[in-house]
Amino acid sequence: MDKRILEAKKLCIKPLIYDYLHRREKPLCIRIFHGDATVLDSRLQGCQAVTMVEFIEHLVPSDLEKVVERVFGDLGPHLIVMTTPNADFNILFPNFTGFRHWDHKFEWSRKEFQRWCEDICDKYLYSVSYDGVGTPPESSAHVGHCSQAAIFTRTQQARSAHPAGTPCYTLIAQCDYPYKENKSTVEDRLALEVQYHIRQLTLNAELDEDEGHSVIAVEKLFSFRPIKNICDIDKLRSYLRSCYTLSDDGKNVFVPHDDSEGDLDRSWGEEQGGDSHDVVTVLKETEETWD
């Protein structure tokens, strides 16, 4: 609720130099919002996970009940991770009385916390497992972790969440992280992989010959993991049929010798803005450098 703290810490979400040098595989956008957790902002709808770290102990009972209803009842994410101080651990603090922080409204023992979690599971159809952070000394293992954790998992299939109202939080900061943008389509990648593996098979003399054509078993092509990761065998046959000649039973593809030798060079050259001669020149220069 303290907007000044959020404003002061907003630079913490900015990418580091490392994030630009080692880009993520998938997009990531981080947003910091300021608002009341007892009211649900519509922009949170559809989230799959919620963390509530050292949070619930700062709420009065009436607000805590509303937050639980918003998160478990209205949002209904697949995963909820919650931590809170373990009051059983407090006996290990020397000369300690009261709560660990002046703003704490309560601190529960493990038994109290777990009873509360079980009630939530019964009402909102979740399961829960328990863990913790901060291992006690071996001689005091019976008190449990310094902070106790509950990991809630939804036990039913995805359900339609309750309407989340309107945008009601204030956006403090937003940051988009750099990532690897792959603009090539699935069809583009499939074409390159097929051309590459056809050429490799040809160079390794692994093909049967038939009147100036190389004969390749479709199953053989499909056995290569890069192709298998892109499509199923039916889609592979469909692609081959559009570019090559298939046998009547669809089990073999006939590749003219000049195609198996030149397709990959041509496609690579075009991709780099040149032709196959440019590629050969670069390779030769590289070999001379190695020598």
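The values are calculated or read from the model by the stated rules, or taken from the named source; none is laboratory data. Just so it is clear, the structure is predicted and the values come from calculations on it, not from any experiment. Here the Cβ positions follow ideal geometry from the backbone for every residue, glycine too, while neighbour counts run over all protein chains shown. Surface areas here come from the heavy atoms of the whole protein model, side chains and all, with no ligands, DNA or RNA. Shrake-Rupley method; radii C 1.70, N 1.55, O 1.52, S 1.80 Å.
Brief remarks on what is shown
- Matching residues, the range 215-233, being at pLDDT below 90 and of a type in the set (S, T, N, Q): ASN229
- Inside the range 122-144, residues that are buried (at least 17 other Cβ atoms within 10 Å of the Cβ), closer than 19 Å to PRO94 by Cβ and of a type outside the set (Gly, Ala, Ser) make up a count of 2.
- Per-region count, the range 221-237, residues open to solvent by less than 70 Å² (accessible area, probe 1.4 Å) and part of a helix (DSSP H, G or I): 8
- Subset of the range 89-141 (residues that are hydroxyl-bearing (Ser, Thr, Tyr), in contact (Cβ under 8 Å) with a residue 12 or more places away in the chain and farther than 19 Å from THR153 by Cβ): SER109, SER140
- Residue ID - modelled with the lowest pLDDT, chosen from residues in the range 75-86 that are over 30 Å from SER140 (Cβ atoms) and either open to solvent by 10 Å² or more (accessible area, probe 1.4 Å) or over 25 Å from the mean Cα position of the chain (by Cα) (or both): LEU75
- Neighbours by Cβ (under 6 Å, 6+ apart or cross-chain): first from the range 238-267, closer than 15 Å to ALA217 by Cβ; second among the aromatic types (Phe, Trp, Tyr) and modelled with pLDDT under 90: THR245/PHE254; VAL253/TYR244; VAL255/TYR244
- Take the conditions (1) free of Cβ contacts under 8 Å to residues at least 60 places away in the same chain; (2) crowded, with 17+ Cβ neighbours inside 10 Å; SER147 misses just one of them, which is (1).
- Residues of the range 54-63 satisfying the condition of being among the aliphatic types (A, V, I, L, M) and more than 30 Å from the chain's Cα centre (by Cα): LEU59, VAL60
- Selected residue (only one of PHE72, PHE96, PHE89, PHE106 is surrounded by fewer than 15 Cβ atoms within 10 Å (Cβ to Cβ) and of a type in the set (Phe, Trp, Tyr)): PHE96
- Pairs where the first residue, in the range 154-183, is open to solvent by less than 40 Å² (accessible area, probe 1.4 Å) and of a type outside the set (Phe, Trp, Tyr) and the second is at pLDDT 90 or above and assigned to a strand (DSSP E or B), C-beta under 6 Å, 6+ apart: ARG154/TYR126; ILE172/ILE32; ILE172/HIS34; ALA173/ILE32; CYS175/ILE30
- Residue check for VAL60: of a type in the set (A, V, I, L, M), open to solvent by 30 Å² or more (accessible area, probe 1.4 Å) and closer than 17 Å to GLY134 by Cα: no
- Failed condition for THR83, given (1) among the polar types (S, T, N, Q); (2) touching a residue at least 60 places away in the same chain (Cβ under 8 Å); (3) out of contact with any strand residue (DSSP E or B) (no Cβ under 9 Å at 6 or more places or on another chain): (3)
- Figure legend. Inter-residue proximity from the range 4-26: first residues closer than 20 Å to ILE172 by Cβ and among the acidic types (Asp, Glu), second residues open to solvent by less than 80 Å² (accessible area, probe 1.4 Å) and not in a helix (DSSP H, G or I), beta-carbon distance below 8 Å, spacing 6+ or different chains. Indicated pairs: GLU7/ILE172.
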